[in-house]
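The values are calculated or read from the model by the stated rules, or taken from the named source; none is laboratory data. Since this is a predicted model, take the numbers as computed values, not measurements. Cβ: placed from backbone, ideal geometry, glycine included. Neighbour counts: every protein chain shown. All accessible areas refer to the heavy atoms of the entire protein, side chains included, with ligands and DNA or RNA removed. Shrake-Rupley method; radii C 1.70, N 1.55, O 1.52, S 1.80 Å.
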Amino acid sequence: MDQLTSTLSPAVSAFVSRPRHLFIGNRFVPAADGAVRATVDPSTGRHLVDVAHAGEVDVDRAVAAARAALDGEWGSLPAAARGLLLARLADLVEAHAGEFAELEALNSGKPVTANEYVDVPAAIEHFRYYSGWPSKLEGGTIPVIAPDTLCYTRLEPVGVCAQIIPWNFPLMMAAWKLAPALAAGCAVVLKPAEQTPLTALRLAELVVEAGFPAGAVNVLPGDGRTGAALVAHPGVAKVAFTGSTEVGREIAVRAGADLKRVTLELGGKSPNIILDDADVPAAVAGSYEGIFFNSGQSCVAGSRLYVHRSCYDQVLDGLVAATREAAVGPALERGTQLGPLVSAAQYHRVRGYLVDGLAAGATMAAGEVPPVEPSDGYYVRPVIFTDVTPDMRISREEIFGPVLVVTPFDDIDEVVTLANDTPYGLAAGVWTRSLGRAHRLAERIRAGMFYINTWAAGDPAAPWGGVKASGIGREMGRANLDAYLEVKTVWAGYGRP
Ligand code: NAI
Ligand code: MG
């Protein structure tokens, strides 16, 4: 830490200068067994600050605090008051936007400028969007057949929700999860990823400042075991998870056995298609950002690029030239475009795919295999593979790093088959000037989201999520509220006149 503190703002410097605790019932408390886990600055590989690490006892405490909130002050708040609290939280995050951008860069390796333009505003917009919803969650009156009977529905919060989030957009994911659950009136136990708990813990401080009643929000830093304990806890009514398909499957199995409600936002290997009538410079720029934003650590990364043979060379040359100019560097440097990968584990995982791709016979048209051991940060320069076949692991598996595979195609039916030949179905997209071809492809490709002449567009009001092995359910918009609400049907007989 010592070397960095001089370049940090006083607020962030203070935040990382002493151990951080769990957040249970509006109080910051150590883990019951005293366990802590180190956080690391991915830009240097150096130790940052120790954070309390929640175990089973802490899961019990947090679920009990959430339950008590539902049975107490939080559960009896009028809907409009819930909305006001969310609006205040949005304002507070906005007031501390610079601090969040910096803290996120420090803990996750995401470039500070990206946090300023994308992550922090998106988190604010999310809280603000959902702050309008509580007072609009109306049930209905049902025109039933029986005479002298009133039948109506109430929308009630599902209960205590376990929310487990990954490290690639730590603050934004916390906002995506918390905002709809709180708007619906649920109480939450949020588990940030073990690598990146800091912005969620700073957010917890603002939850208190905003005036949320104790227990509405609880934050438990911990690892997969903490997550598994939370999923299995009998007091949890619903699980929301973003992360790997592998863990998503485990959670679905467990939630299925317990008959808990579950939404999953999982991996992807999203196909991006450039047709012969595309605006090539725009397609190159968009496809570059589509895969390399956040160093490829994005669920909707456009990691498989299919280019019509007529413009293949032009597109490839453009992409290779752009990768050569990419400013890969420390997340806190303002000139950095691509930060380091989040962890040594992710570095080794991505590196393994690069070695595997070369061994399988693919050509590395841009980039290089980084050293066996990272030194001074987990940096991987952007890589483009050509001469790939659909059976190669680099074509099939989610790499979650700055790695693009590029394949030429000749006709639309062929590229539709290639695009759909994946277990995943998160995002897909096309670059074309033809409206008809664009919308026809939007119909034919199996994915939860489809982009036309853009990539990774998102808005709190627009549903987000995948099909097939990319998940179950949708986040954002009205759709996500349904995941946190139960419908209760009430029957009332009028009795004798
Ligand atoms: P992961 O799925 O293991 O971790 C994500 C979250 O789940 C973390 O909070 C983690 O502590 C928690 N978790 C892990 N095991 C759990 C379990 N058994 N029960 C409950 N919670 C559990 O992802 P990991 O290992 O960090 O990354 C591996 C790969 O997963 C990446 O290379 C990428 O391919 C994929 N991934 C996809 C993400 C997405 O946004 N779709 C986000 C993160 C990872
Ligand atoms: Mg894992």
| said: Between a residue in segment 213-238 that is of a type in the set (D, E, K, R) and any residue that is assigned to a loop (DSSP other than H, G, I, E, B) and away from ligand 2 (no atom under 14 Å from the Cβ), which pairs come within a Cβ distance under 8 Å, given they are 6 or more apart or on different chains? | reply: Asp223/His53; Arg225/Gly55; Lys238/Val158; Lys238/Gly159; Lys238/Cys186; Lys238/Lys260; Lys238/Ala483; Lys238/Tyr484
| request: Only residues that are open to solvent by less than 20 Å² (accessible area, probe 1.4 Å) and assigned to a loop (DSSP other than H, G, I, E, B): list them for segment 389-421, please. | output: Met392, Ile399, Gly401, Pro402
| query | How many of the residues making up segment 184-202 are aliphatic (A, V, I, L, M) and in a strand (DSSP E or B)? | reply | 4
| query | If you go through segment 250-280 one residue at a time, how many are more than 23 Å from Trp464 (Cβ to Cβ) and under 19 Å from the mean Cα position of the chain (by Cα)? | reply | 0
| request: Looking for whichever is in a strand (DSSP E or B) and over 21 Å from Ile384 (Cα atoms) here; the options are Val253, Val262. Which one fits? | output: Val262
| Are any of the residues in segment 212-221 part of a helix (DSSP H, G or I) and either within 16 Å of ligand 1 (Cβ to nearest atom) or modelled with pLDDT of 95 or more (or both)? | no
| query | Would segment 367-385 turn up any residue that is open to solvent by 30 Å² or more (accessible area, probe 1.4 Å), closer than 26 Å to Arg446 by Cβ and not charged (D, E, K, R)? | reply | no
| field | Residue, farthest from ligand 2 (Cβ to nearest atom), within segment 250-272, restricted to residues that are of a type in the set (A, V, I, L, M) and over 24 Å from Val416 (Cα atoms) | value | Leu259
| If you go through segment 158-209, how many residues are acidic (Asp, Glu) and within 14 Å of ligand 1 (Cβ to nearest atom)? | 1
| task | Starting from segment 470-490, keep only residues that are farther than 21 Å from Ala447 by Cβ, then list their pairs with residues that are assigned to a strand (DSSP E or B) and of a type in the set (A, V, I, L, M, F, W, C) whose Cβ atoms are within a distance under 6 Å, requiring at least 6 positions of separation or different chains. | result | Leu485/Leu155
| remark: Taking segment 212-227 and the residues there that are in contact with a strand residue (DSSP E or B) (Cβ under 6 Å, 6 or more places away or on another chain) and among the aliphatic types (A, V, I, L, M), the one that is nearest to ligand 2 (Cβ to nearest atom) would be Leu220
| task | Kindly list, by first and then second residue, each pair from a residue in segment 152-165 that is farther than 17 Å from Ala179 by Cβ and modelled with pLDDT of 95 or more to a residue that is surrounded by fewer than 24 Cβ atoms within 10 Å (Cβ to Cβ) and among the acidic types (Asp, Glu), limited to pairs with Cβ atoms under 7 Å and residues at least 6 apart or on different chains. | result | Glu156/Glu486
| Qualifying positions in segment 184-194 - within 14 Å of the chain's Cα centre (by Cα) and either open to solvent by 10 Å² or more (accessible area, probe 1.4 Å) or in contact (Cβ under 8 Å) with a residue 60 or more places away in the chain (or both) | Lys191
| field | Filter result (surrounded by fewer than 19 Cβ atoms within 10 Å (Cβ to Cβ) and out of contact with any Lys or Arg (no Cβ under 8 Å at 6 or more places or on another chain)) within segment 32-43 | value | Asp33, Gly34, Ala35, Val36, Arg37, Ala38
| query | If you go through segment 238-260 one residue at a time, do you hit one that is more than 10 Å from ligand 1 (Cβ to nearest atom), of a type in the set (A, V, I, L, M), open to solvent by 10 Å² or more (accessible area, probe 1.4 Å) and under 19 Å from Leu182 (Cβ atoms)? | reply | no
| Pairs, first within 17 Å of Gly286 (Cα to Cα) in segment 322-340, second of a type outside the set (Asp, Glu) and not in a loop (DSSP other than H, G, I, E, B), C-beta under 6 Å, six or more apart | Ala322/Tyr288; Thr323/Ala366; Ala326/Leu338; Leu338/Ser295; Leu338/Val328
| query | Quick one: is Leu441 touching a residue at least 12 places away in the same chain (Cβ under 8 Å), touching a Lys or Arg at 6+ places or on another chain (Cβ under 9 Å), open to solvent by less than 50 Å² (accessible area, probe 1.4 Å) and in a helix (DSSP H, G or I)? | reply | no
| message | With in a strand (DSSP E or B), in contact with a strand residue (DSSP E or B) (Cβ under 9 Å, 6 or more places away or on another chain) and open to solvent by less than 50 Å² (accessible area, probe 1.4 Å) as the only criterion, which of Leu305, Leu316 stands out? | response | Leu305
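Yes/no matrix, rows are residues, columns are (1) closer than 23 Å to Lys468 by Cα; (2) within 16 Å of ligand 2 (Cβ to nearest atom):
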| residue | (1), (2) |
| --- | --- |
| Asn168 | yes, yes |
| Ala184 | no, no |
| Ala187 | no, no |
| Pro192 | no, yes |
| Arg202 | no, no |
| Ala229 | no, yes |
| Ser244 | yes, yes |
| Gly248 | yes, yes |
